[in-house]
Amino acid sequence: MAAPSARHVLCEPGLPPRLVSRPIPADAELRAMSFPFRLDDFQRIALGALEARESVLVAAHTSAGKTAVALYAVALGLARGQRVVYTSPIKALSNQKYRELREAFGDNVGLMTGDVTLSPAADVLVMTTEILRNMLYRGSEVVREVAWVVFDEVHYMRDKSRGVVWEETIVLLPPNARFVFLSATIPNADEFASWVAAVHEQPCHVVSTEARPTPLHHYVHPAGSDGLYLVSSPGRPFDRANLARALASARTARARGGGGGGGGIGSAPAMARVVHALRAGRLLPAIVFSFARKQCESLAAQAIGGGALGAALGVDDGESADAEAARVAAVRAVFGAAVAQLSHEDQALPAVRRLLPLLVRGVGLHHSGLLPILKEVVELLFQEGHIRLLFATETFAMGVNMPARTVVFSTLRKWDGESHRLASAGEYTQMAGRAGRRGLDAEGHVVLMLDDEGGGGGSGSGSDGAADDAVEAAELERLVRGAAEPLASSFKLRYNSVLKLHAMESADPYRMVASSFFAFQREAELRAARGGGGGLDGGDGARAAARLPPPPTPLHALRYLTPGRLVRVRCGLHDWGWGAVVGVNHAPGAPPVPRGGNPPHGASAEQWHVDVLLPLVALEPADAREGAAAGAAAVVTAAAVADGGEFRRTSEDDEPPTDPRTRPAAAEDAPTDPRRAAARGAERPPAAADAHCVYAQPPAPPTPLAFVPPPPLGADEPPAPLLLATLAAVLPTNTRARAVVVRTQLCSIARLSAIRLHLPPDLRSAKHRAFALEGLRQLHARFPDLDVTVVDVVARAHLDDGGADGADGEGGADDGARAAAAGFGAAATAPPRAPGAAHKRKGEGAADGGGEARAEPDAAACKRRCRQLCSGFVEEMRSMRLVLRRLGHVDGAGIVTRKGRVAMEIDAGDELLMAELLFDGTFAALAPAAAAALASCFIASEMERPTAAAGAAVAAGLADELARAHAALGAAAVRVAAALADARLGAPDGGAAYLAQFSPHLMPLVHAWASGADFAAVCRLDEGLFEGTIVRVLKRLGELLTELIGAAKVMGNDALAATLEKAQDATHRDIAFSASLYTLEGVA
Amino acid sequence: MLWVRPPATPAPPHAGARATWVTPGEELCEEVGFLRGHGTYVKDGMLVAAVAGVVERVNKLVSVRPYNARYGGEVGDVVVCRVVDVGAKRWKVDVNARQKGVLLLSSINLPGGEQRRRTAEDQLNMRQFYVEHDVLSAEVQTFFADGAMSLHTRSLKYGKLGCGTLVTVAPSLVRRAKQHFHTFDFGVATIFGMNGFIWVGIATALSPKADAMDVGSTRDGGIGEEAQESDASFHVRERTCRVCNAIVLLDRFFMPVAAAPVHALYEKSIEAGMSPWDMLLPENAILLADGLRASGVLGVRVADE
């Protein structure tokens, strides 16, 4: 049965994505792991793909149950003794996942984040994506052994500053790794999967569902209005009338109250009304999201105060005194156990002491400014159900499932560092997804509090109310309907990566750019702009969903399908193995295949059929049933060959040729409807009666749309069905294998080998076929993995298109394509040798003319591709090289120098400036604490940046040593900025803008901490910073210092390394580095 | 025949006219304001050379690159090494360094691209991969705390070497290049190991199999193994010898060992009508070396674009 609630698309290298309606047997046995609950459709499909050892992208809402898929991948890896890597975008999430996986799989789980490393030799490793990236560059053994890589929250790839890490990681992973991508719903999931398929030459499934396990009701509460107005509920359109009523009610209230009305954004009185309503409607527990940490704090304080909000929350009505006492005791116990690991001084911190009264009253607080340990306490208590009302910022929306019955948005506007903007639909969906506890609540509730100025933002309160309402309604509707945002690449070049790729033998920054998702998306756009390359249109709506036309079409393979070419036939999940092309036929109307040219525009892949000689084994009916029962991939009803007018018989000699007119009845009513044909072929296990049934069509597909039966070649010439047997694909070495010529469609040619087999001229004779089979057998013995010699049709096709269209005016493109294909062409056009050595390997052919010659045009091809697709990056790369050369990271010959190697070590801060400071001896001249303080300038830009004036004030007040250090930094920054400006990469302002990134405002604080001050004293130094922010600064600093120590060792200066190690020891202590509760045993 | 390395001022191999040669104990500069790098130590407030070699300065960092020393190694270097011991989960290899290098079982590619599963048996099968005296190409992955080098075969380019000759030169002579795997157009391939071990073999045996971004690729293990004795015709062997002797000659005359000078010597020796075994006769060697110096090949590095 096609799963109604889930969409399943298969992306294969070089082929357009296509919808798969029946991917796996519905009752496929899941051996690796069983789940205590009934799996949803999308989960079953995804697990089926995993069972087939294929990559999968799961796009679903937060609480839909994506984790089950990840868990299954982990179980699969463990069952086979292979390694699994689980990456998550943030450390806090890694800690949660570590705990979750440990609960599921026991001790064989390790954790690696920037802060902490636990059992790194375990088979399952949870890590941040950055760690995995660094492992890949280093060539770690983990990478060598990894079978599955799970990317959690992969939509994080949009992130402007860190998104590039995902792209680099995915590109760098070894080809035999398989991926599980977990993502929020994204409209262009197919595109992403196609990219993965293209980069790794492996199929990638997309399983997506829009369904929510608990449907959502959306209410609005405009400030001042008298209640919650339902605007959207499952299965009903957005209720504009009710929204209008709500807004009108608010306006009257405002008019009555005059002026300010309900107060500020998400103000306490308005919040009190909402909480009152929630409590009355039994809609607690609730999460109140606001985008400002200060607001969270103040609301939480009021919720336990005596004001309106406190009164509204009151006490839990349904709770007896005993239950309350038990709850309070439990809260105190958890809190006490967590805080016990802090030192006495830290336990007395105001931030710590402030929290307990809240928690006891069932009020929680969760934002990034909170101490990490307190955040975790709140999370644990929330999961235990001890918190009725949680005030949180966006950060709470990420990570493991922590749902509430209701989610309240205290405002919809968000300060994104530049301006107040409306929350995006993606952010809204993620946060709203916290509403509704699976299993506990039948449905979730979302309340939108609209402030005076309207949720829609721009409209002022004084302007025409009705017009505002209209704007607002449209905006709200967009949010509530939750149109997902597409995943766009945020690829960028960083000096660190460029240097690393430069230093590596056989790597090249241009390759990275050419393989990036950015290039892939750009290419698709170009294609779209050109009006598409014609070709395969599945007509199944799958393509319509993705905004892009297919990447190269199967038509590009045509020119390579010369007789004897080894190809891998594959339809859906069913792999027919490698066979040799016998011939290509096209429908009468179709244009002929141009020799060595590009497929004609406007042609359709369906117009061509390929006859392939495959090693198959005829199954006894009993075998067939057995095979089907065992889920054998390739037990399908096979087909015969009819070659237009010219007749090539492929039946076994012991079988009489069947006269078309005496075709069995089963074939007579061979359905023309592809779906029925498929159902016949794939769903019904071939029974004895069917064993002799014939379809003059390709191997019956498990995936109907992929495998539409070809139209009759000649209108009045009925296809001649011949061979009537149930066949299964086997290796040519199988003694029972027979060579059978099967007709298949162009789109089921999955791979092309550079190898060609010398085929006997007439395959009608069994002897000749046996001879061909022997050839296959020998090839198989010599190259067990024929994939080694795969022809990259995808890359070539890109080049071909560039050349053929001439749209980009690159005269050399076509020549380049020829050059790139030269190695291949040599093999293809070489005259067949004696039958015994009837194969010629691409590698050999190329080596005759010099091995380098082959790699050379390939690198050039990458560069050309870059130039075509992302000329911006090529320009930037050139400038970056100028900078690197000028600063001495790379020498005149492009070799990375020692300075460059030092810069390679630094990833957590600006590597160029850091290298200057290291080589200038600035760090070496400092005491450890001052060195730590100087390093803190490099992370200042990630944390909240004070105004320039405030920064200058701090700089003026710096102690002598720190002031000198910062001055040295300034001098070096001017030098680097000059190099950047000369290469047109920075503003020619004498380095002012560049220097501004390295604000000194954290220096006093870090210096105090590294000199041994306690945390409370450090917090007093800068009242404007939250405790959690300070901890984050210190943790980040710890990472940077670790990198600096490595850099000092590369420099060969032990004294410097010792200073930095001392600085790190001084920083790495107490509350700032207290272990995460998730990594401790026995807490909660 | 004994051949003495010419003691007279050799051409500085790595730098232009600015290169300063120092001997151990020679004072370089005051310590204040400078950073102590490799090959230096501090004595009485002065930075002093600890080895004989060329002074290098990057900003304030002063280091001395030794002209004749065992291989120090840097992460990411391509090296050629020889297995000396098969141990527990590791091979000990000779990398021409102060200590034996280590190649961990977990750091190699399994043949056929099989993905490693960590079982008890795979330790028992180690001899199926590499045994004593096998010559391998590998990359320096990291250093252990005791300074020993840990190697890995990052991709299918690396692995066992067969059908060729190993030539050893002073490590300081090997130029760091963009590509250390080099195939000459006359069918001879070389791996210029940064550790001074140079592998010279038949091109088919060395030509890399992968042209993709094989940064972490594990599709195939080993190289050159499938080259047969029969692939090496007399002419190929003769060319191999010529390349070997060109490298030996570069080492004797203390000239940089890289693809370009080797190629130039190869061409010149043919022009001069020398057979490979005549190249190292003193008079011929001097002729070739002088010719090479005059040709300017030594000063030119292959640009990367």
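The values are calculated or read from the model by the stated rules, or taken from the named source; none is laboratory data. Bear in mind the structure is a predicted one, so any value in this text is a computation, not a measurement. Heads up, the Cβs are rebuilt from the backbone with ideal geometry, glycines too, and the neighbour counts pull from every protein chain shown.
A few comments on the model shown:
- Within the stretch A:102-110, one or more residues are in a strand (DSSP E or B), under 21 Å from A:TYR1078 (Cα atoms) and among the hydrophobic types (A, V, I, L, M, F, W, C).
- Check on B:ILE247, of a type in the set (A, V, I, L, M) and modelled with pLDDT of 65 or more: yes
- Restricted to the stretch B:147-199, and to residues there that are among the polar types (S, T, N, Q) and crowded, with 24+ Cβ neighbours inside 10 Å, the residue that is farthest from the other protein chains (Cβ to nearest Cβ) is B:ASN195.
- Residues that are modelled with pLDDT under 50, of a type in the set (Gly, Ala, Ser), assigned to a loop (DSSP other than H, G, I, E, B) and touching a helix residue (DSSP H, G or I) at 6+ places or on another chain (Cβ under 9 Å), drawn from the stretch A:505-558: A:GLY533, A:GLY534, A:GLY535, A:GLY538, A:GLY539, A:ALA546
- Test for A:ARG44: is it at positive phi and modelled with pLDDT under 90: no
- Pairs, first more than 20 Å from A:GLY1052 (Cβ to Cβ) and more than 8 Å from chain B (Cβ to nearest Cβ) in the stretch A:881-910, second polar (S, T, N, Q) and part of a helix (DSSP H, G or I), C-beta under 8 Å, six or more apart: A:ASP907/A:ASN134; A:ASP907/A:ASN496
- Contacts under 9 angstrom Cβ, first residue in the stretch A:295-313 being within 13 Å of A:LEU355 (Cα to Cα) and touching a residue at least 40 places away in the same chain (Cβ under 8 Å), partner part of a helix (DSSP H, G or I) and of a type in the set (Phe, Trp, Tyr), 6 or more apart: none
- Among residues of the stretch A:38-50 that are touching a residue at least 24 places away in the same chain (Cβ under 8 Å) and over 11 Å from A:ALA211 (Cβ atoms), those with a beta-carbon under 8 Å from a residue that is among the β-branched types (Val, Ile, Thr) and in a helix (DSSP H, G or I) at least six positions away or on a different chain give the pairs A:GLN43/A:VAL69; A:ALA46/A:VAL69; A:LEU47/A:VAL69; A:LEU50/A:VAL69.
- From B:ALA227, B:ALA148, B:ALA120, B:ALA210, residue being modelled with pLDDT under 85 and farther than 30 Å from A:GLU201 by Cβ: B:ALA120
- With respect to (1) at pLDDT 80 or above; (2) touching an Asp or Glu at 6+ places or on another chain (Cβ under 8 Å); (3) assigned to a loop (DSSP other than H, G, I, E, B), the lone exception for A:LEU283 is condition (2).
- Selection status of A:LEU887, more than 25 Å from B:VAL78 (Cα to Cα), more than 33 Å from the chain's Cα centre (by Cα) and either of a type in the set (A, V, I, L, M, F, W, C) or modelled with pLDDT under 85 (or both): yes
- Scoring A:ASP989 on the criteria (1) assigned to a helix (DSSP H, G or I); (2) of a type in the set (D, E, K, R); (3) at pLDDT below 80 leaves a single failure, condition (1).
- Yes/no for A:LEU1044 being in contact with a Phe, Trp or Tyr (Cβ under 8 Å, 6 or more places away or on another chain), assigned to a helix (DSSP H, G or I) and within 21 Å of B:GLY37 (Cβ to Cβ): yes
- Enumeration of residues in the stretch A:967-1003 that are acidic (Asp, Glu) and in contact (Cβ under 8 Å) with a residue 60 or more places away in the chain: A:ASP982
- A count restricted to the stretch A:143-169 and to residues that are at negative phi, touching a strand residue (DSSP E or B) at 6+ places or on another chain (Cβ under 8 Å), more than 11 Å from chain B (Cβ to nearest Cβ) and in contact (Cβ under 8 Å) with a residue 60 or more places away in the chain stands at 6.
- Filtered residues of the stretch A:224-255 (kept if surrounded by fewer than 16 Cβ atoms within 10 Å (Cβ to Cβ) and of a type in the set (Val, Ile, Thr)): A:THR252
- Enumeration of residues in the stretch A:38-83 that are of a type in the set (D, E, K, R) and over 17 Å from the mean Cα position of the chain (by Cα): A:ARG38, A:ASP40, A:ASP41, A:ARG44, A:GLU51, A:ARG53, A:ARG80, A:ARG83
- Single match in A:LEU93, A:LEU76, A:LEU101, A:LEU111 (criterion: within 14 Å of chain B (Cβ to nearest Cβ) and either touching a Leu at 6+ places or on another chain (Cβ under 8 Å) or more than 27 Å from A:SER5 (Cα to Cα) (or both)): A:LEU76
- Lone unmet requirement of (1) modelled with pLDDT of 85 or more; (2) away from chain A (no Cβ under 12 Å) for B:VAL62: (2)
- On the stretch given as the stretch A:269-324, residues that are among the β-branched types (Val, Ile, Thr) and surrounded by fewer than 21 Cβ atoms within 10 Å (Cβ to Cβ) total 2.
- So B:ALA15, is it within 14 Å of chain A (Cβ to nearest Cβ) and modelled with pLDDT under 85: yes
Table: residues versus (1) modelled with pLDDT of 85 or more; (2) assigned to a helix (DSSP H, G or I).
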site	(1), (2)
A:LEU342	no, no
A:ALA351	no, yes
A:LEU355	yes, yes
A:LEU359	yes, yes
A:GLY364	yes, no
A:SER368	no, no
A:LEU381	yes, yes
A:HIS386	yes, no
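- Filter pass, B:VAL302 being within 13 Å of chain A (Cβ to nearest Cβ) and either part of a loop (DSSP other than H, G, I, E, B) or at pLDDT 80 or above (or both): yes
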